[in-house]
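Only one structure is covered here, and it is reproduced in the block below.
The values are calculated or read from the model by the stated rules, or taken from the named source; none is laboratory data. Since this is a predicted model, take the numbers as computed values, not measurements. For neighbour counting, all protein chains shown are included, and Cβ atoms are generated from backbone atoms with ideal geometry for every residue, glycine included. To get the accessible areas, we keep the full protein, side chains included, count just its heavy atoms, and leave off ligands, DNA and RNA. Shrake-Rupley method; radii C 1.70, N 1.55, O 1.52, S 1.80 Å.
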Amino acid sequence: MKPSMKMGAIALIGLFLVFYQYHLSTGVRFDQMTDFNTGGSAEDSPVLSQEDVERYVRTSKFTEETIKSAVRRVQETNGLSPDMASTLVQELVNHLHKNIFGPTDNSKISRATLSHAEFGRNKTLNWQQSSDEALEPLYIITPTYRRPEQIPELTRMSHTLMLVKNVHWLVIEDATVATKQVTRLLERTGLKFEHLTAPMPEKYKQKKGAKPRGVSNRNRGLQWIRANATNGVFYFADDDNTYDIALFDELRKTKRVSMFPVGLCTKFGLSSPIIKNGKFVGFYDGWIAGRKFPVDMAGFAVNVKFLHERPNATMPFKAGYEEDGFLKSLAPLEPKDIEFLADNCTRVLAWHTQTKKNEPSAPLDMKLYGETNLVKLKLQVV
């Protein structure tokens with residue numbers, strides 16, 4: 001099946017499930033269909049015979065013509081062949097009848113059976129789960145540290161990741177103890193996540209000048225992936241960046257190491273591989289500094305299997321050379337081996353938006369406000 005045909009089929013099935021759930025919610029409840037063959041009842045609910053149910057289906061708004069119309073619209077949009085469209089119509093009609101009637105050989109649908117709402121919801125969730133599992137996982141490694149902007153930026157990023165299928169978020173704090181506010185945020189998202197800690201070694205904290213921020217966190221993420229992941233793609237995604245949802249579909253294409261442009265980066269406002277006549281010719285970045293791979297942290301992704309083949313790959317504690325050092329540790333790897341995503345590096349799907357730095361919140365005067373809502377609010381800001 002062509003990709004467009006698969007997309008059409010998926011879109012149609014999704015549409016069908018939504019309509020089907022609505023159809024059930026406005027019609028007969030499953031707990032009313034207690035026993036088609038014996039006429040049993042479920043407390044005070046009316047009893048429906050097999051003939052009643054069949055009549056209900058025949059006169060339902062969700063008829064075969066409605067299904068045909070939906071298939072036709074998807075066919076026009078996605079280019080389904082007539083044979084495929086016909087097959088989908090027949091499959092969906094059969095599916096509808098099968099789920100309305102259930103088994104007909106003296107089986108019962110009792111009050112123990114799922115209610116119509118639960119049935120529709122679980123069916124949709126099962127379909128989504130199987131669809132998600134067909135995709136290889138994305139592991140998003142996000143280093144973070146306690147500051148006034150931390151929770152707002154993680155909130156923004158979490159809302160992006162909620163739109164991504166089969167994603168596993170590794171949030172790693174530069175701290176010895178995990179921050180409770182971060183844990184609560186992660187639990188509320190419904191995402192698969194790991195909340196880890198990896199403080200910067202003291203010798204680097206005491207060092208004057210630029211510090212290798214986030215290196216401990218990212219190396220901890222690599223350690224977790226080596227121990228727990230066997231396939232998929234990982235990506236270093238800082239919490240102060242902004243990501244187009246399309247980026248995550250691009251990341252899944254990574255077979256070895258992929259690269260793509262990053263906007264609002266360095267004095268050039270852009271960091272990107274340079275592609276000329278379809279071929280790689282160099283890098284465009286405001287700070288080359290003799291780096292073999294002068295790219296931004298948000299500008300590349302790595303396949304998990306590729307990482308496993310390079311057990312010594314790690315990120316160095318060298319400020320300004322973290323990306324270059326890590327990519328060189330993936331040797332053998334040359335710039336010509338890179339896979340260029342985002343339409344051959346013609347689209348910017350990640351930006352260094354960098355929220356404005358805020359001053360710490362002023363202490364609360366407990367004499368004035370000790371018994372007010374401000375006490376709880378102050379626990380949510382830094």
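Ranked by accessible surface with a 1.4 Å probe, highest first, in what order do Tyr284, Tyr139 come?
Descending accessible area places them as Tyr284, Tyr139.
I'd like the FRET efficiency for Lys376 and Arg213, computed as 1/(1 + (r/R0)^6) with the beta carbon distance as r and R0 of 41 Å, rounded to 0.05.
0.85
Which value, in Å³ per residue, describes the convex hull spanned by the Cα atoms of the stretch 130-273?
It is 138 Å³ per residue.
Classify the stretch 200-320 from the C-alpha gyration tensor, please: rounded if a/c falls under 1.5, else prolate or oblate depending on whether a/b exceeds b/c.
oblate
In this model, which of Lys180/Lys357; Lys180/Lys328; Lys180/Lys305; Lys203/Lys255; Lys205/Lys328; Lys267/Lys305 are farther than 29 Å apart at the alpha-carbon?
Distance filter (> 29 Å) returns Lys180/Lys328; Lys180/Lys305; Lys203/Lys255; Lys267/Lys305.
For the pair Glu202/Ala331, report the inter-label distance in nm, with labels modelled 7 Å from Cα in the Cβ direction.
Here the modelled spin labels are 3.4 nm apart.
Test of understanding: what is the full-extension gain from Asp343 to Leu264, defined as 0.36 nm times their sequence separation minus their Cα-Cα distance?
Residue separation times 0.36 nm, minus the Cα-Cα distance, leaves 26.5 nm.
How much length is gained on full extension from Ser361 to Ala227, taking 0.36 nm per residue of separation minus their Cα-Cα distance?
Answer, rounded to one decimal: 44.3 nm.
In the full protein assembly as shown, how much of Leu88 is accessible to a 1.4 Å probe, in Å² to the nearest 10?
Its accessible surface works out to 20 Å², give or take rounding.
Can you put His352, His308 in order of accessible area, largest first, using a 1.4 Å probe?
His308, His352
Work out the FRET efficiency for Thr66 and Ile288 from their Cβ-Cβ distance, taking R0 = 45 Å, and round it to the nearest 0.05.
The computed FRET efficiency comes out at 0.15.
Using only the heavy atoms of the protein chains and a 1.4 Å probe, how would Leu163, Leu377, Leu270, Leu196 rank by accessible area, largest first?
From most exposed to least exposed: Leu163, Leu377, Leu270, Leu196.
Could you tell me which of rounded, prolate or oblate describes the stretch 181-233, using a ≥ b ≥ c as the square roots of the eigenvalues of the alpha-carbon gyration tensor, with rounded for a/c under 1.5 and, failing that, prolate when a/b is larger than b/c and oblate otherwise?
Note, shape of the stretch 181-233 comes out oblate.
Pulled fully out, how much extra length does the chain show between Arg256 and Glu187, if you take 0.36 nm times their separation in residues and subtract their Cα-Cα distance?
Taking 0.36 nm per residue and subtracting the Cα distance, the gain is 21.6 nm.
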